[in-house]
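These notes are about the structure you will find just below.
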Amino acid sequence: MKIAILPGDGIGPEIVDQAVNVLNALDLKFEMESAPVGGAGYAAHGHPLPEATLKLAQEADAILFGAVGDWKYDTLERSLRPEQAILGLRKNLNLFANLRPAILYPELSGASTLKPEVVSGLDILIIRELTGDIYFGKPRGVRIATDGAFVGEREGYDTMRYAETEIRRIAHVAFQAAQKRDKRLTSVDKANVLETFQFWKDIVTDVHKEYPDVALDHMYVDNAAMQLIRAPKKFDVMVTGNMFGDILSDAAAMLTGSIGMLPSASLDKNNKGLYEPSHGSAPDIAGKGIANPLATILSAAMMLRFSLGLPEQADRIENAVKKVLAQGLRTPDIYEAGTTKVGTVEMGEAVVRALI
Ligand SMILES: NC(=O)c1ccc[n+]([C@@H]2O[C@H](COP(=O)([O-])OP(=O)(O)OC[C@H]3O[C@@H](n4cnc5c(N)ncnc54)[C@H](O)[C@@H]3O)[C@@H](O)[C@H]2O)c1
Ligand SMILES: CC(C)[C@H](C(=O)O)[C@@H](O)C(=O)O
Ligand SMILES: [Mg+2]
């Protein structure tokens, strides 16, 4: 089994190193090959998603991805910016289903900014559509306005759109995921304002007919953001579009104690996938050795479960993470009094030691 390792920028290489060590410690003899991506891809080959990197990703059985993005590239023309690498991989590989599970490990109930009783026992799954919406809609750009109140002025514009097929396929993923859990699905939209999301709601309602055992409700995204903070445990599975899912999953990350705890899987229709933490390259802490590697290590566990058919090995990693948290080890983002502060490498090494 071949795994493409794409560390990327900022803390990406630091956290991916730890996940690779954990995978190696399983003694399963994976073939792993690394390639530069994001700002690192641009620096090495003049493009954030170099051809050889894309080829490696296409050929591999699964991809482990760190993060991309670096302030020093923010003034490049958009097609060369590091973020285009992850967007390009998602689009090229048809990774339309993004699973972001927000689980609060009991040991971290005091690390969340919310009261322990609000978050304890939290286990929700956010399913974000990943290859459509305003992220990829065309036309987009900056032009001279030809209508409206500001005719003659420059205006920025993007296009929000969803094809029926795109909505149907993510709805099926969401209903099937709900069937394996508590059988409750909340579809998050903005149907009260946006045509695209009235259409989304209508199609999700139609797909629901095939899943009568799942209870479906619909919620506007602004209310969903509020409910996530007010009573997050009321949710089981949430499904939403690309942009709303991006925002809601960062909010949900804080329910788990830190964004450094939220893994993700991005899957195509055959469960080939890219696995990455939900957070970014964290340039503010890059190189300091303090980034939390657990979201990446947990993403590697998701990879074993969803793409490589090794659920027992995924369990081994997840149990090891629980164990190090129970031992009181904490990177600074999840630190609280009475626990032991450790860095990225120490955390990774502790997970390796905790594997049984
Ligand atoms: N999939 C991706 O590669 C991805 C995702 C999000 C953001 N980005 C990019 O990352 C760059 C920085 O973006 P941002 O600052 O808005 O978001 P970010 O997620 O990188 O960081 C937000 C905050 O969370 C902290 N943080 C993130 N991951 C952490 C970890 N593992 N351990 C401890 N703390 C952690 C950071 O220090 C920062 O304070 C930008 O270039 C952005 O485009 C990339
Ligand atoms: C870096 C960026 C393109 C990306 C997104 O918006 O999808 C990130 O925020 C994420 O959540 O994976
Ligand atoms: Mg994001």
Worksheet item: Considering only DSSP states other than H, G, I, E and B, which chymotrypsin sites (Phe, Trp or Tyr not before Pro) in the stretch 108-185 qualify as loop sites with at most 15 other Cβ atoms within 10 Å?
Response: F150
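Largest first, what is the accessible-area ranking of R169, R90 with a 1.4 Å probe?
R169, R90
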Worksheet item: Mean shadow of the stretch 283-356, computed from the convex hull of its alpha carbons, in nm²?
Response: 5.3
Worksheet item: For R330, R181, R230, R81, what's the largest-to-smallest order of accessible area, 1.4 Å probe?
Response: R230, R181, R81, R330
Discussion item. To the nearest 20 Debye, how big is the dipole of the stretch 10-119 about its Cα centre, given +1 on the beta carbon of each Lys and Arg and -1 on that of each Asp and Glu?
Written reply: 380
Worksheet item: Of M243, M226, which has the most accessible area with a 1.4 Å probe, and how do the rest follow in descending order?
Response: M226, M243
Item to complete: Rounded to the nearest 0.05, what FRET efficiency do L80 and K269 give with R0 = 35 Å and r taken as the Cβ-Cβ distance? Could you check?
Response: 0.70
Worksheet entry | K272 accessible area, assembled protein chains, probe 1.4 Å, Å² | 50
Fill in: the chain - Debye-derived log10 I(q)/I(0), Cα point model, q = 0.07, 0.08, 0.15 Å⁻¹
-0.30, -0.39, -1.37
Fill in: Calculated P(r) tail over 28 Å for the stretch 1-154, as whole % of Cα pairs
39
Item to complete: Would you mind putting 56-68, 293-305, 27-39 in packing order, based on average other-beta-carbon counts within 10 Å, highest first?
Response: 293-305, 56-68, 27-39
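The values are calculated or read from the model by the stated rules, or taken from the named source; none is laboratory data. Keep in mind it's a predicted model, so treat the numbers as computed, not measured. Glycine also receives a Cβ, built like all others from the backbone with ideal geometry; neighbour counts cover every protein chain displayed. What goes into the accessible areas is simple: the full protein's heavy atoms, side chains included, and nothing from ligands, DNA or RNA. Shrake-Rupley method; radii C 1.70, N 1.55, O 1.52, S 1.80 Å.
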